[in-house]
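Student: Attaching a single structure in structure tokens format; questions to follow.
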Amino acid sequence: MSAPPSSTSAEFAGSAHARLTLVRAEGATFWDDRGRRFVDLGATHGAGSLGAANPEVAAAVADQARTLLYLGSGYANPVRDRFLEKLLGLLPPSFGKVFLSNSGTEAVEAALKIARGATGRPKVVAAMRGFHGRTLGALSATWRKELREPFEPLVPGFHHVPFNDVAALEAAVDASTGLLLLEPVQGEGGVHVATEEYLRAAREAADRTGALLAFDEVQTGVARTGRMFAFERWGVVPDLLLLAKSLAGGVPIGATITTPEIEARFRGSHHSTFGGNPLACAAGIAALDVTVREKLAERAERLGGIAKQKFATLPPERVREVRGLGLLLGIELREKVAPYLAELEGRGFLAIPAGATVLRLIPPLVISDDDWAAGLEAVTEVVAHGAR
């Protein structure tokens, strides 16, 4: 007997948009099974930076699938080599080693093991409101109580400090700390942007104690925040950089990037059966080519600036604060966000929450100027007048 379709949901407890079935995409536009059109202001959760059906990524995947679909990591692969060369060419020269996996959570798990294996230290310091994934190690680094509690006890040795609190960070990072794990912008945690002072203090604390500094750029990386990587805005270079989501244009991939020196210190082993597979690497080559050629980081900066100007007129009696960088924006409301999201969906715009009261906008970087303007107008109207 076959199981009902709902039992195969990728989100085990169900999906917030289970009532909406999307079947086709072009650019930043979706169509559902009833032929209705929706503009993506966040439905792809940052993985669809090039849209949910980018033709260049699709062509690269199709060509690669006909040539070599899968190969074990014990063999050389020119597609993987080209992808790694292209990725490392976008990064500071201190980076030189990449572990490829299949998701952001896996990229975090690899970083946890690399830090433990390279330093021999068990302590991990992460930030309150931070989100790093849902597997047990990544979940231990994640702050949200409702995500953690059903699975406790989690991995020991994790300590959380207030975000952007320099004194608390400096007090927490000590000689037992192996890893300091931070997001330059906390996406799931409410779109909170790190200060330059905080990130510089993190770099100094890691250097002082011998800990490793990791930036989780799973959501912020690859042009999302107006720079190719968010850390470039402040010039603070981590020891480990974690990427996923849009890195391969929506095809599953994760990357944990570090230095040759740290890899040389690593004791132990780590492996991924599907990590670095030719299909994902071919998609990654195409996605990076499009991102660089179309200057999508600059585009994100421009469109994000337009949004912030537009949102400056939002009424303070409904809005506490507007935050974000580039095309990762959060509007913190004074009430629950769910009715506002439903109202936007009814108007043909798909946005997502970042906590109970934050309306998050994380559209494809290729969204047209007209669709972005229409989306901003819809958000402004809904927020200004209140959800019905």
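Student: Pop out the carbon and sulfur fraction of the accessible area of the range 318-367 as a percent, whole number, probe 1.4 Å.
Tutor: 50 percent
Student: Same structure, new question: What is the percent carbon and sulfur in the accessible area of the range 55-212, measuring with a 1.4 Å probe over the protein chains and ignoring ligands?
Tutor: Its accessible area is 56 percent carbon and sulfur atoms.
Student: Taking the solvent-accessible surface of protein heavy atoms with a 1.4 Å probe, what is the per residue accessible area of the range 180-334 in Å²?
Tutor: About 35 Å² of surface per residue is accessible.
Student: Quick one: which residues, 5 or more positions from Met128 or on another chain, have an amide H under 5 Å from its amide H? H modelled 1.01 Å from N in the peptide plane, none for Pro or chain starts.
Tutor: Counting only residues 5 or more places away or on other chains, the set is Val161, Phe163.
Student: List the chymotrypsin sites (Phe, Trp or Tyr not before Pro) within the range 31-124 that fall in a DSSP loop (any state other than H, G, I, E or B) and whose Cβ has at most 14 other Cβ atoms within 10 Å.
Tutor: Answer in residue order: Tyr70, Tyr75.
Student: Go through the range 107-115 residue by residue and turn each phi into a ³J(HN,Hα) via Karplus (6.51, -1.76, 1.60, θ = phi - 60°); whole Hz please, and just put x for glycine and proline.
Tutor: Per residue, the Karplus-derived 3J(HN,Hα) values read 4, 5, 4, 4, 5, 4, 6, 4, 5 Hz.
Student: Suppose we keep just the DSSP beta bridges with both residues in the chain; what percent of those would be antiparallel, to 5?
Tutor: Just about 65 percent of them are antiparallel.
Student: Here is a further query. For the range 230-300, give the percent of accessible area contributed by carbon and sulfur heavy atoms, probe 1.4 Å, rounded to a whole number. Provide the component values of the computation, followed by the final result.
Tutor: Values: 1400 of 2610 Å².
Carbon plus sulfur share of accessible area: 54 percent.
Student: With the convex hull built on the Cα atoms of the range 25-151, state its orientation-averaged projected area in nm².
Tutor: On the way: hull surface 48.6 nm².
If you wrap the Cα atoms of the range 25-151 in a convex hull and average its projections, you get 12.2 nm².
Student: Cα to Cα, under 30 Å, and not fewer than 8 places away if on the same chain: which lysines meet these conditions relative to Lys145?
Tutor: Excluding near neighbours in sequence, the set is Lys113, Lys123, Lys245, Lys336.
Student: While we're on this one: Taking semi-axes √(5λ) of the Cα gyration tensor in Å as the quantity of interest, determine which of (1) 36, 24, 20; (2) 37, 21, 19; (3) 32, 26, 20 was computed from the displayed structure.
Tutor: (3)
Student: Given the options Ala167, Ala338, Ala115, state which has the largest fluctuation in a GNM of the chain using a 10 Å cut-off (strictly under) for Cα springs.
Tutor: Largest GNM mean-square fluctuation: Ala167.
Student: Could you order Leu361, Leu69, Leu112 by accessible surface area, starting with the largest, using a probe radius of 1.4 Å?
Tutor: Leu69, Leu112, Leu361
Student: A follow-up question, please. Quick check: from the Cα gyration tensor, does the range 315-367 come out rounded (a/c under 1.5), prolate or oblate?
Tutor: oblate
Student: Rounded, prolate or oblate: pick one for the range 24-63, where a ≥ b ≥ c are the square roots of the eigenvalues of its C-alpha gyration tensor, a/c under 1.5 means rounded, and failing that, prolate if a/b is larger than b/c, else oblate.
Tutor: Cα axes put the range 24-63 in the oblate bin.
Student: List every residue whose amide H lies under 5 Å from the amide H of Leu328, counting only residues 5 or more places away in sequence or on a different chain, with H placed 1.01 Å from N in the peptide plane.
Tutor: none
Student: Grab the Cα-Cα distance for Ala373 and Ala175, subtract it from 0.36 nm times how many residues apart they are, and report the gain in nm with one decimal.
Tutor: So the extension gain works out to 66.2 nm.
Student: Over the range 22-98, give the accessible area per residue in Å² for a 1.4 Å probe, as an integer.
Tutor: It amounts to 53 Å² per residue over the range 22-98.
The values are calculated or read from the model by the stated rules, or taken from the named source; none is laboratory data. Quick caveat: nothing in here was measured; it's all calculated off a predicted structure. Reconstructed Cβ throughout: ideal geometry from the backbone, glycine too, with neighbour counts over all protein chains shown. For the accessible areas, the whole protein counts, side chains as well, though only heavy atoms, and no ligand, DNA or RNA atoms are used. Shrake-Rupley method; radii C 1.70, N 1.55, O 1.52, S 1.80 Å.
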